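Q: Below is the structure I would like to discuss, written out as structure tokens.
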Amino acid sequence: MRIKSNFFLKPKEEILLFGKQILNQEFRDYFFLENETGDTFGIAYIIPYTVQLSAQKAHTVFLNRMFVTSQMDVILPKWAFFTKAILFTTELQPVASRESFYKNECLDRTAISLGEALKEGLKGLSGHALERIISTHYLAFKAISTEDDELLRFIYPYLPFRTLNGEETLETLMNQSKTIYYTHSVDDFRQIRDLARNRGLTLINGGYTYDAALLSRLARLPELGIQLEALEPEQLTDDLMLPPAPFLQKSQALLAKINEQMQEYEVEIEIRQFQPEDLPMLFINPMLTQTHKELERAAEESNPLFSDLLNHIKQDEVVPLTKLFLNYSNPLVQKLFTEDKSLDSLVAIF
């Protein structure tokens, strides 16, 4: 097609100007798209600001050079929501009003093929351009990468994650540490971040959308040479040191009484010594315990039949108690157990 060759040969400034004229918006980056038949092609402009996954897709499509619609939402895959495309086709079938196209097998094939072309366009970008686009639309790229190993292998160094030091790319983390740990939830990250920082661990908060699934997928690609390990909060407490024997013996009876009072909250208090010493306590709520409590709440709010089913699911599980570790290294904790405080006052504190 002559129009195709004209587009593909135009300088960048003209292509960006064309996008501004048709879409009423300025752009910095774009890709040429062409499906496998060559009968649908055009330009996908990268939206220069962050958009939501649920954002309305609105692509402009011409059929045989005649305008059909500026609201086409299914001609590119759902994950391509960070683009606005101008497309030309001779193969899609218009509806009777000629304001849209039939959603049929031909349209499905075209969307898949154009999606592949978009991924190829990403691979052709310079590192700087790719980093800029991913930093703006990282959620979209994470969504794609959880289902596409080929793309993941290409873009993983540029993907940003929340860590102990704020937001960092995976490439930065790989340069810092041989082993990168990650949690499955935001709550798990918050429970152990101080302990992990003190131990010099490189830790990612995997509780954000797609992150844990993406990191798990990366861990199954050994050819990348990334050592990624999921970390449960209780793993960092297994080697916490006991306090000195005299203190432990002196506080044992009082601690036992406190734990009797705490049984109704399903929390067990233990005394350990760990760093940093300015952290008076460490609250560890295992994933299995959280799941069990969620099942209990669901059972309470469900109809009798579903409630019985949920109770049957959880009845055979041995659920660990939530742990509250008091830090012997903290002066406040030592003071609490060396002063003559009543049992009720100590329970109220905890």
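Q: Condition test on residue 173, is it in contact with a strand residue (DSSP E or B) (Cβ under 9 Å, 6 or more places away or on another chain) and either hydroxyl-bearing (Ser, Thr, Tyr) or within 29 Å of residue 273 (Cβ to Cβ) (or both)?
A: no
Q: Can you pull out every residue in the stretch 67-89 that is of a type outside the set (Lys, Arg) and in a strand (DSSP E or B)?
A: The answer is 67, 68, 69, 70, 71, 72, 83, 85, 86, 87, 88, 89.
Q: Related question: Being in a loop (DSSP other than H, G, I, E, B) and either exposed (fewer than 14 other Cβ atoms within 10 Å of the Cβ) or in the same structural domain as residue 44 (by TED's automatic domain parsing) (or both) is the requirement here; does residue 119 meet it?
A: It is false that residue 119 is in a loop (DSSP other than H, G, I, E, B) and either exposed (fewer than 14 other Cβ atoms within 10 Å of the Cβ) or in the same structural domain as residue 44 (by TED's automatic domain parsing) (or both).
Q: Out of the residues in the stretch 13-27 that are within 15 Å of residue 61 (Cα to Cα) and touching a Phe, Trp or Tyr at 6+ places or on another chain (Cβ under 9 Å), which is surrounded by the most Cβ atoms within 10 Å (Cβ to Cβ)?
A: Top of the filtered list is 19.
Q: From the residues in the stretch 170-209 that are β-branched (Val, Ile, Thr) and within 13 Å of the chain's Cα centre (by Cα), which one is surrounded by the fewest Cβ atoms within 10 Å (Cβ to Cβ)?
A: This residue is 209.
Q: Out of 95, 61, I need the residue that is assigned by TED's automatic domain parsing to the domain that holds residue 39, among the β-branched types (Val, Ile, Thr) and loosely packed, with under 13 Cβ neighbours inside 10 Å. Which one?
A: Working: 61 fails: loosely packed, with under 13 Cβ neighbours inside 10 Å.
So the residue among 95, 61 that is assigned by TED's automatic domain parsing to the domain that holds residue 39, among the β-branched types (Val, Ile, Thr) and loosely packed, with under 13 Cβ neighbours inside 10 Å is 95.
Q: Can you pull out the residues in the stretch 34-79 that are closer than 22 Å to residue 142 by Cβ, touching a residue at least 60 places away in the same chain (Cβ under 8 Å) and not β-branched (Val, Ile, Thr)?
A: 44, 48, 49, 53, 79
The values are calculated or read from the model by the stated rules, or taken from the named source; none is laboratory data. Keep in mind the model is a prediction, meaning the values are calculated, not measured. All Cβ positions, glycine included, derive from the backbone under ideal geometry; neighbour counts span all protein chains shown.
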